[in-house]
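Report on the structure given below.
The values are calculated or read from the model by the stated rules, or taken from the named source; none is laboratory data. Note that this is a predicted model, so its numbers are computed, not measured. Neighbour counts are summed over all protein chains in view; Cβ atoms, including those assigned to glycine, are modelled from backbone coordinates with ideal geometry. Each accessible area value is taken on the protein alone, full model and side chains, heavy atoms only, with ligands, DNA and RNA left out. Shrake-Rupley method; radii C 1.70, N 1.55, O 1.52, S 1.80 Å.
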Amino acid sequence: MEQPFSVLDMMVFFDESGNNQVKPHLMAGLAIPTKYYNNENIQQLNEKIKATKIHWTEYSGDSKERNTIWRIINTVMEHHYLLKMNVISYNQSKIEESSRKIKHVIDDIADQTIFMKFPERIVYGLLRRYGAYVHINTKIYIEDNTKYHNKKYDLRTQLFQQLNIQSIYRGERFTVTEAAYIPKQTELGIELVDLLLGMVRSIIRNDSPDKRRSREKNKLIMNLLLSNANFYSFMKTIRYYEWDSSPSLVEVDFENYLNIFMNSNLDY
């Protein structure tokens with residue numbers, strides 16, 4: 001392998017959203033260059049998120065939470081072109097249905113499929129194809145959640161091992177140097193990917209504004225999209241895939257969901 005002209009230190013933050021009762025089920029990875037993430041303006045937000053709890057699922061218009069979200073998005077999106085985000089929407093019911101055939105062999109095969117295979121695909125997609133003369137040194141951070149690790153599997157270890165194997169096997173130019181679990185409300189990157197994924201989910205669902213919670217979420221997203229061209233541009237660049245028991249992921253143009261959402265919420 002030729003010596004790279006450029007070496008880029010990258011941070012990837014991972015999260016997921018949704019359950020069997022409320023669809024869609026989503027997973028996402030957000031890649032941010034380390035140098036940009038360590039920018040003073042962004043690091044100042046770490047103190048903000050420690051003092052203000054942000055939970056998009058529960059957001060219903062609280063002014064303190066809204067102002068924090070507003071500040072985070074407007075600050076981070078200043079150089080939006082440095083960020084990359086991949087999202088997978090998957091049919092959990094189909095996975096559980098298929099797993100019944102071999103559940104007697106591996107009893108938690110559904111969970112292993114969801115929490116091992118899809119995260120690997122998401123992060124790999126963020127790190128590949130940077131070019132022959134670039135090398136990416138990557139640290140992966142996952143919101144600490146017991147569903148990602150137990151006696152039979154550990155997402156942190158899986159990503160560290162399998163992505164480095166993929167890099168060699170496929171001739172890519174990246175190395176995963178670390179994978180770690182991070183508690184919520186301690187690191188901006190974890191809060192940011194959680195927030196952006198929540199917004200993606202709201203845009204896809206496009207819920208009726210009859211309920212206060214849906215109305216306030218839609219209103220905030222619309223205000224951000226219309227007032228910040230960088231945020232709108234970033235949302236259009238999200239790589240979005242859907243899986244429904246097919247042999248491969250199907251890429252869908254997320255801008256279609258975005259335009260339908262904006263058309264439905266023009267009153268805001």
**Asked** Can you list residues whose amide H is under 5 Å from Ile136's amide H, if they're 5+ apart or on another chain and H is modeled 1.01 Å from N?
**Response** Leu8, Phe174, Thr175
**Complete:** Extension length gain for Gln161 and Thr34 (0.36 nm per residue less Cα distance), in nm, is 43.6 nm
**Prompt:** Given a 1.4 Å probe and every protein chain left where it sits, what share in percent of the accessible area of the chain is carbon and sulfur?
**Reply:** 47
**Asked** Which FRET efficiency, nearest 0.05, do Arg128 and Asp253 yield, Cβ-Cβ r, R0 22 Å?
**Response** 0.65
**Message:** Could you tell me which residue out of Gln43, Ile122, Asn91 lies farthest along the dipole of the chain toward its positive end? Charges go on the beta carbon: Lys and Arg +1, Asp and Glu -1, centred on the Cα centre.
**Reply:** Asn91
**Message:** Please list, by residue number, every one of the chymotrypsin sites (Phe, Trp or Tyr not before Pro) in segment 118-225 that is coil in DSSP and has at most 12 other beta-carbon atoms within 10 Å.
**Reply:** Tyr133
**Request:** Choose one of Gln166, Val176, Thr237: the residue whose Cα lies farthest towards the positive end of the charge dipole of segment 150-268 (beta-carbon charges +1 Lys, Arg; -1 Asp, Glu; about the Cα centre).
**Result:** Val176
**Request:** Would you mind working out the accessible area per residue for the chain, using a 1.4 Å probe, and quoting it in Å²?
**Result:** 50
**Prompt:** How far, in nm, would the chain grow between Lys152 and Asn74 when pulled straight, counting 0.36 nm per residue and subtracting the alpha carbon separation?
**Reply:** 24.0 nm
**Fill in**
Taking the square root of 5λ for each eigenvalue of the C-alpha gyration tensor of the chain, the equivalent ellipsoid has semi-axes, largest first and in whole angstrom, of 29, 25, 18
**Message:** Can you find, among Asn228, Leu258, Pro209, the residue sitting farthest towards the positive end of the charge dipole of segment 156-268, where Lys and Arg contribute +1 and Asp and Glu -1 at Cβ?
**Reply:** Pro209
**Request:** Provide the gained length on full extension for the span Tyr268 to Asn145, in nm with one decimal, where the gain is 0.36 nm per separating residue minus the Cα-Cα distance.
**Result:** 40.7 nm
**Request:** Please get the size of the charge dipole for the chain, origin at its Cα centre, with Cβ charges of +1 on Lys and Arg and -1 on Asp and Glu, quoted in debye to the nearest 20.
**Result:** 220
